[in-house]
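Structure, as structure tokens:
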Amino acid sequence: MSDRKTELPDIEAVILAGGMGTRLRSLALDRSKVMVEVKGRPFITYLLDQLDSAGLRKVILCTGHMAYSVESMLGNKYKNLEIIYSKENEPLGTAGALKVAIPYMHVEHILVMNGDSFVEFDMNVLFSFHVERQAFVSIVLTKVEDVSRYGEIEVNSDGEVEHFTEKGNRAGAGWINAGVYLMKKDTICSIPDKTPLSLEKQFFPSLVKEGLYGYKTNERFIDIGTTESFHAAGGFL
């Protein structure tokens, strides 16, 4: 199948911004992890810039831990983006938090982003990849020199995900989850209600051979999950 660009339809974005940031405790004492500053501004604003540049006009922020620090600093508007907040009242994991946000989703295709990582990708090409394969979920994949910290995702020649390897089980170069997912709203609706669940560890592996694909990009990637990677972000963004 080709990955040619097609006209981008209405897509709403969701940023998962409820993590506690336990490994960044010294940097996030008074704020959510996504609000930790990189080069003088909150990390999440780099994601918002990316969405705004791609032409999206609505983003739902799934908040939890220190939700007030996100809402008080960002408000309801960022450039051309309308910001809507979906707060989990108890920790539900990335999948559970996404399910809570369903009432705010009003289109067929939802772009989901982890709030603590950044990857460059072409939105139009990702969408073409997604619809041509009739995927339920397309995970953006990036190649790293050592997958041991992240875990590895293996795909076939058409991009269909065939296997997940948990982090720590293999070292060396490979393709990893870059923290961006294009998902059908109906697929999000299938997530169990009020159940703590991880997208990466539980929900996505359950979709292997069931419409789960991996879209590879060779563009830049960074995460702020550890103190070391956080400090590297300053030279990246």
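Since every read-out is calculated from the coordinates, none of them should be taken as a lab result. On a predicted model such as this, the values are computed, not experimentally measured, just so you know. Because the Cβ atoms are built from the backbone with ideal geometry, glycine has one as well, and the counts that use them run over all protein chains shown.
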Estimated inter-spin distance, V125 and E108, nm [label 7 Å along Cα→Cβ]: 2.4 nm
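Just want the ordering: V125, V14, V59, V155, from fewest to most Cβ atoms lying within 10 Å of their own Cβ.
Numbers: V125 15, V14 25, V59 22, V155 18.
Placing the least packed residue first, the sequence is V125, V155, V59, V14.
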Highest to lowest packing among 87-95, 102-110, scored as the average C-beta count within 10 Å: 87-95, 102-110
Calculated FRET value between E82 and H163, using beta carbons and R₀ = 30 Å, to 0.05: 0.20
Centre separation in Å (Cα based) which lies between the range 95-109 and the range 143-171: 27 Å
Amide H partners (placed H, <5 Å) of R57, local residues excluded: none
Cβ-Cβ FRET estimate between R220 and K185, R0 fixed at 30 Å, reported to 0.05: 0.55
Inter-probe distance in nm under a simple model that places probes 7 Å from Cα toward Cβ, at D193 and Q134: 3.0 nm
Residues whose placed amide H lies under 5 Å from that of K87, excluding near-sequence neighbours: T63
Listed pairs K77/K194; K58/K87; K185/K216; K99/K167; K143/K216; K33/K143 exceeding 19 Å between Cα atoms: K77/K194; K185/K216; K99/K167; K33/K143
Ranked packing of 189-200, 213-224, most packed first, by mean Cβ within 10 Å: 213-224, 189-200
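With Cβ to Cβ distances under 14 Å as the rule, what net charge do the other residues near F164 carry (K, R +1; D, E -1)?
Values: positive: K167, R170, K201, K209; negative: E152, E154, E160, E162, E166, E200, E210.
Residues near F164 contribute -3 overall.
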Where only alpha carbons of the chain are counted, the Rg and the Dmax (Å): 16.7, 48
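Quick check on the exposure proxy: order H163, H130 from fewest to most C-beta atoms within 10 angstrom. Numbers along the way, then the final one.
Numbers: H163 11, H130 22.
So the ranking, lowest neighbour count to highest, is H163, H130.
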Residue (of G64, V125, I224) at the positive-pole extreme of the range 11-233, dipole from beta-carbon charges: G64
Cα convex hull of the range 28-91, projected area averaged across orientations, nm²: 4.4 nm²
Within straight-line cross-link reach of K209, aspartates and glutamates at Cα separation under 13 Å, skipping those fewer than 8 residues along the same chain: E154, D158, E160, E162
